[in-house]
Amino acid sequence: MVKSNDVAVKFLMLDDDPEDAFLVKTALLRSAVPVSFHYFQTSAAFAQYLPKMVLEIEHDQLIVLLLDLNMPCKSGLEWLKELRSNERLDDLFIVVFSTSDMAEEKARSFALGANEHLGKPDSVTELASKLNALYHRCVKQRGL
């Protein structure tokens, strides 16, 4: 059996705030797990990447999407609903990544198919710890 430390995971992030992307990238580097990181600041850029992502998932690439809910033009909830309506993306692990920790927001995210809801922490160290744990949960869920 492959150890989770040997499984490469692709982390994607759709968030309009480049500072949040920088924090995630820094935290992933500190977490010492084998991941790649791709950031999309706009819904249009993410939409262009979508066909490639479908192919990667169909070829067994483990992908985690960190999804900001408060996006201009197309909200994270709209993206969540669209992504979950595509059965070819069933294996996409979607994490709502939000500054809000409201119970109603969490419930709606889970009802629309989010795998997890992660509050944006205040420190890189805390985020690295949370992303490390997230990595291991994703790998374990896939049975790898």
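Assorted remarks:
- Meets criteria (in contact (Cβ under 8 Å) with a residue 12 or more places away in the chain, of a type in the set (Lys, Arg) and in contact with an Asp or Glu (Cβ under 7 Å, 6 or more places away or on another chain)) for Lys120: yes
- Enumeration of residues in the range 27-75 that are closer than 16 Å to Arg88 by Cα and not in a helix (DSSP H, G or I): His59, Asp60, Gln61, Leu62, Ile63, Val64, Leu65
- Test: residue in the range 49-71 that is touching a Cys at 6+ places or on another chain (Cβ under 8 Å), more than 23 Å from Arg137 (Cβ to Cβ) and either small (Gly, Ala, Ser) or loosely packed, with under 13 Cβ neighbours inside 10 Å (or both): no
- Residue in the range 115-144 that is surrounded by the fewest Cβ atoms within 10 Å (Cβ to Cβ), counting only those that are among the charged types (D, E, K, R) and in contact with a helix residue (DSSP H, G or I) (Cβ under 9 Å, 6 or more places away or on another chain): Lys140
- Pairing residues of the range 35-46 that are in contact (Cβ under 8 Å) with a residue 40 or more places away in the chain with residues that are surrounded by fewer than 18 Cβ atoms within 10 Å (Cβ to Cβ), at Cβ distances under 8 Å and at least 6 apart in sequence or on separate chains, gives Val35/Ala8; Val35/Lys10.
- Identity of the residue in the range 84-114, β-branched (Val, Ile, Thr) and at pLDDT 90 or above, that ends up surrounded by the fewest Cβ atoms within 10 Å (Cβ to Cβ): Val95
- Filtering the range 96-117 to residues that are out of contact with any strand residue (DSSP E or B) (no Cβ under 6 Å at 6 or more places or on another chain), touching a residue at least 12 places away in the same chain (Cβ under 8 Å), part of a loop (DSSP other than H, G, I, E, B) and over 14 Å from Asp68 (Cβ atoms) leaves Leu112, Gly113.
- Residues of the range 87-144 that are within 17 Å of the chain's Cα centre (by Cα) and of a type in the set (S, T, N, Q): Ser98, Thr99, Ser100, Ser109, Asn115, Ser129, Asn132, Gln141.
- The range 30-44: number of residues that are within 20 Å of Asn86 (Cα to Cα) and exposed (fewer than 12 other Cβ atoms within 10 Å of the Cβ): 1
The values are calculated or read from the model by the stated rules, or taken from the named source; none is laboratory data. No experiment lies behind these values; they were computed from the predicted model shown. We place every Cβ from the backbone using ideal geometry, glycine too, and count neighbours over all the protein chains shown.
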